[in-house]
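The values are calculated or read from the model by the stated rules, or taken from the named source; none is laboratory data. Because the structure is a prediction, the values reported are computed rather than measured. Methodologically, a virtual Cβ is constructed for each residue, glycine included, from the backbone with ideal geometry; neighbour enumeration extends over all protein chains shown.
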Amino acid sequence: MVKTSLSEKIAEYTLCFSLQDVPPKVQQHAKLMILDAIGGAMAAYYLKHAVSTRKVAIGFGSRPQSTLWGTMEKVGMADAVLANAALIHGMDYDDTHVGGVVHPSASVVSTAFTVGEAAGSSGEQILGAIICGYEIIIRLALAARGGFHDRGFHGTGIVAPFASACVAAKLLDLPQHVLVNALGICGSQAAGLQEFLHDGSWVKKIHPGWGSHAAIYALQLAKGGLTGPREVFEGSYGLYQTHLGTVEGVKETFADLGQKWLTAEISIKRYPCCHMIHSFSDCMFALLRQYKFTDKDIKEIECHIEKRCYHIVCSPESVKKRPTSDYGMRFSLPYIVAMSVRSGKMSPLEIDKQYMTDPAVLEMIDKVHCVEDETVKNPGHFPGWIKVTLLDGTVYQKSQKYERGAAENPIDTQDIIAKYNENASINLPQENVNRILSNITNLEKLEKMEILIQNFVIAARDDNKKGEL
């Protein structure tokens, strides 16, 4: 008797998934993550990568199926999802499942909205597909135990095609054998190198969307008869064996699928930078509030961080202390800590290349020293440990074991809504911002996606104002 493969189990779960089985609290949390994703997408509309990606999507001239967010233009689903996901992930301000080190909404929400619009899906169907996608993408990431990042892969880029295929297949009402083959095909599209960490290039911005783009093609190819390996995950040449060298624990990670809701573990981001840095900004803000010193009082700042994170946000030192792009800044612990001190906050406005020509900022960056320290590690979380030495010899120290948004350090619902309002209001009129909030709050009652997406339209502005925030 042939054993059920993991892809077959995932496909069956996906196509049998019902929103009625999802606890109300999980549904509410999912809506907050959707709201946060759309707010970030609207804020990123005029970023250079977003402008470029939209132009490419329009340039293909594909059959109009789904809206390019922020416009009234429609293109093919696969082209639209690439551009739309690049908006959500463009500022690295989108949510994270910290334990899996994965950004769920960038691919899952963009796929559900983009495909759901083309398919004429209801809000209830889209909410169900999103939660289903969350449960799958989180487990695919957790099965790696952080190993993707350890080997230089961007985990979201690796697992996005599989989750996106599930979301799209559910909304397109495709049969199980098509989804199983599509998951197998997605294994040949699972990619996401982290070399961008060394030069600040923008490719990570499109990783989730590229995965979703690949997923839509995989489904169409499978629907047309192309086959994919049924043991794409656990096979001896499957995803985990080739990328990590082991399949240990992979199937076990899915043992509680449908029984335990991991969607509720997704964390919001309060700062537009790598989540591994957030606790350091929190520690700095706490010290500034408590002791009232300023940047001019500081002699040195010491940041202790575990090895796995050190190589992502602290190394190589020459690059992290002199980032040359917005993404270089978002993945630089020295830059983010220095700007946290200088500004007393960390918003999209603090991610700006103009600061790299400010002598005071450069001087503060050079005062930040990063130290590899496994003793500060807190598995499944992104802790922070910081020591500030003042010019008069005074020393202040602060640590935070759990990043904000974790169950142990929760973020209030009103803070999430406030972040949405702040982001969405950058490019949208307040009446649109309010209608989007209302529609997503009542997503399961929405008849068609057009009712929501028509509020995404952003007015054009002068070319000389376009670019980075």
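Of the numbered conditions (1) assigned to a loop (DSSP other than H, G, I, E, B); (2) modelled with pLDDT of 95 or more; (3) surrounded by fewer than 23 Cβ atoms within 10 Å (Cβ to Cβ), Ser201 fails exactly one; give the number of that condition.
Going through the list (1) assigned to a loop (DSSP other than H, G, I, E, B); (2) modelled with pLDDT of 95 or more; (3) surrounded by fewer than 23 Cβ atoms within 10 Å (Cβ to Cβ), Ser201 breaks only (2).
Residues checked against (1) outside any loop (DSSP other than H, G, I, E, B); (2) over 20 Å from Glu450 (Cα atoms); (3) touching an Asp or Glu at 6+ places or on another chain (Cβ under 6 Å); (4) not acidic (Asp, Glu):
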{"site": "Lys25", "(1), (2), (3), (4)": "yes, yes, no, yes"}
{"site": "Leu35", "(1), (2), (3), (4)": "yes, no, no, yes"}
{"site": "Thr53", "(1), (2), (3), (4)": "yes, yes, no, yes"}
{"site": "Pro64", "(1), (2), (3), (4)": "no, no, no, yes"}
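Which count do you get for residues in the stretch 143-168 that are out of contact with any Pro (no Cβ under 9 Å at 6 or more places or on another chain), at pLDDT 95 or above and either within 18 Å of Ile130 (Cα to Cα) or among the acidic types (Asp, Glu) (or both)?
7
Which of the residues belonging to the stretch 72-91 are part of a helix (DSSP H, G or I) and small (Gly, Ala, Ser)? Give the derivation first.
The initial filter retains those residues of the stretch 72-91 that are part of a helix (DSSP H, G or I), namely 77-89.
Passing the criteria: Ala78, Ala80, Ala83, Ala85, Ala86.
List every residue pair whose Cβ atoms lie under 6 Å apart, where the two residues are 6 or more positions apart in sequence or sit on different chains, the first residue falls within the stretch 1-28 and is closer than 30 Å to Gln414 by Cα, and the second residue, located anywhere, is of a type in the set (Ser, Thr, Tyr) and surrounded by 16 or more Cβ atoms within 10 Å (Cβ to Cβ).
Correct list of pairs: Val26/Thr263.
Quick one: would you say Asp326 is charged (D, E, K, R) and under 21 Å from the mean Cα position of the chain (by Cα)? First the steps, then the outcome.
Numbers: charged (D, E, K, R): yes; under 21 Å from the mean Cα position of the chain (by Cα): yes.
Yes; evaluated as a whole, the condition is true for this residue.
Given Leu244, Leu219, which one is of a type outside the set (Phe, Trp, Tyr), crowded, with 18+ Cβ neighbours inside 10 Å and under 19 Å from Ala144 (Cβ atoms)? Before the answer, list the steps.
Numbers: Leu219 fails: under 19 Å from Ala144 (Cβ atoms).
Residue meeting the stated conditions: Leu244.
Could you list all residues from the stretch 168-188 that are surrounded by 19 or more Cβ atoms within 10 Å (Cβ to Cβ) and either within 15 Å of Thr156 (Cβ to Cβ) or charged (D, E, K, R) (or both)?
Within the stretch 168-188, the first condition is being surrounded by 19 or more Cβ atoms within 10 Å (Cβ to Cβ), and the residues that meet it are 168-172, 174, 178-187.
Residues satisfying the conditions are Lys170, Cys186.
If I go through the stretch 329-379 residue by residue, how many of them are surrounded by 15 or more Cβ atoms within 10 Å (Cβ to Cβ), assigned to a strand (DSSP E or B) and among the hydrophobic types (A, V, I, L, M, F, W, C)?
2
Residues in the stretch 262-281: is at least one of a type in the set (Lys, Arg) and surrounded by fewer than 18 Cβ atoms within 10 Å (Cβ to Cβ)?
Residues of the stretch 262-281 of a type in the set (Lys, Arg): 269-270.
Within this subset, residues satisfying the condition of being surrounded by fewer than 18 Cβ atoms within 10 Å (Cβ to Cβ) are none.
No, the conditions are met nowhere in the stretch 262-281.
Could you check the stretch 154-183 and list, in sequence order, the residues that are polar (S, T, N, Q) and closer than 11 Å to Lys223 by Cβ? Explain how you work it out, then say what you get.
In the first step, residues of the stretch 154-183 are kept if they are polar (S, T, N, Q); the result is 156, 164, 176, 181.
If the condition is that a residue be polar (S, T, N, Q) and closer than 11 Å to Lys223 by Cβ, then Asn181 is the only one that fits.
For Val56, state whether it is within 18 Å of His154 (Cα to Cα), surrounded by fewer than 24 Cβ atoms within 10 Å (Cβ to Cβ) and not aromatic (Phe, Trp, Tyr). Steps first, please.
Working: within 18 Å of His154 (Cα to Cα): no; surrounded by fewer than 24 Cβ atoms within 10 Å (Cβ to Cβ): yes; not aromatic (Phe, Trp, Tyr): yes.
Answer is no for this residue.
Checking Val388 against (1) out of contact with any helix residue (DSSP H, G or I) (no Cβ under 8 Å at 6 or more places or on another chain); (2) β-branched (Val, Ile, Thr); (3) more than 30 Å from Ile88 (Cβ to Cβ), only one condition comes out false. Which one?
With (1) out of contact with any helix residue (DSSP H, G or I) (no Cβ under 8 Å at 6 or more places or on another chain); (2) β-branched (Val, Ile, Thr); (3) more than 30 Å from Ile88 (Cβ to Cβ) applied to Val388, the lone miss is (1).
Do you know which residues across the stretch 206-223 are closer than 14 Å to Ala169 by Cα and out of contact with any Leu (no Cβ under 6 Å at 6 or more places or on another chain)? Before the answer, list the steps.
Looking only at the stretch 206-223, we keep the residues that are closer than 14 Å to Ala169 by Cα, and these are 212-223.
Listed by number, the residues that qualify are Ser212, Ala214, Ala215, Ile216, Tyr217, Ala218, Leu219, Gln220, Leu221, Ala222, Lys223.
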